Every structure is written in structure tokens, then in C-alpha cells.
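Please treat every number below as a calculation from the coordinates, not as lab data. These numbers were taken from a predicted model, which means no experiment stands behind them. Cβ placement follows ideal geometry from the backbone for every residue including glycine, while neighbour counts extend to all protein chains displayed.
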């Protein structure tokens, strides 16, 4: 079987097999590209009162302020997924396991903003871990590999006619 026939069959069936996972990956990837620009996806970082490299409020003071925010539902340290410090903005982002984000001034320990954060869920959709534990490595990784093979074979199929035309013109010029 000629390579171009084999590659066309790989393209035909490979594209069909990875259509839905690729659509999910691409759609979520587009949303992730916009997360800093669209408030609905990820809340903008609010400027704190002082932008220093070292916070003057203690972690406990900032955590105590966060626990007073009802909608975030943070009552214990285990309710937190992570804390992101933005020293250049003078703010700490307390991100709860339920995807609520509370931004706290690192100087005054005052709550600056509270919002629901969707970008983490979209990231889980993008890598497949949102659907099931096995989906990330058992479905989305193979889809990515097949997509890479489709790219390689597509490049071969794209350049093959150009290469053959170049060979013909070279032969013709040599006569």
C-alpha cells in the first residue's frame, strides 16, 4: 500500500475517532485563552492598597477575613484549594475547593473582591479530568497523540505533490 493511501485512511478514521474529544479540547482551550480577558471565566485581580514584595498582614489575618465571606464557604484551611499571592498588585487570592475566589489586600487584610472562578473547571474539561479519572490518560491523551499523527501525515500529504512537481521540473530542466 502506498504511503499516501495509508495516510489518507489514517486521516479518515483518525479524524472520526477523535472528533468529540478534539472539539472539547479546542473549545475549552479557546475559553482558557480568554480567561484573563473575560470576567465571567476568571475574576480580574483587584489592586491592593500597597504593592510591596512582602505582605504586612499575616496569613491568619487574611484567612480570618476570608472566613467572614459567606458565599465562599471557607471555614477551615482544608476548604482552600490554594492561595495565590500577587505581590505586584498587593493582593492574595484565596481560592476555595468550591471554586469561589476571595481577594484580600496583603497590607490591610481587607476583602477586596469575591467572585466565582470558572477557569479551573474549564481547565479540567480541557485536560479531560473533569469527566472521570481515567478520561485524562485513557481518552484525551490518546486523542492528542492521534491528532499529532494526523498533523504529521497531513504535512506529508500536503508537501508530497509539491515535491513531485519539483522533481518533474528538475528532470525536465536537466534534459
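Odds and ends about this structure:
- Relative contact order of the chain, defined on C-alpha pairs under 8 angstrom at six or more residues apart (%): 25 percent
- Within the chain, helix-based [θ] at 222 nm, where runs of 4 or more DSSP H residues each add -39,500 (n - 2.57), nearest 500: -15500 deg cm²/dmol
- Peptides 130-142, 82-94, ordered by how many other C-beta atoms sit within 10 Å of their residues on average, highest first, read 82-94, 130-142.
- Spatial separation of Cα centroids for region 9-65 and region 94-166, in angstrom: 9 Å
- Helix 3-17 axis versus longest C-alpha principal axis of the chain: approximately 30°, rounded to the nearest ten.
- Region 43-117: proportion of alpha-carbon pairs further apart than 19 angstrom, %: 22 percent
- From most to least packed by mean Cβ count within 10 Å, the peptides 161-170, 24-33 give 24-33, 161-170.
- Among 99-106, 118-125, the order from most to least packed when residues are scored by Cβ within 10 Å on average: 99-106, 118-125
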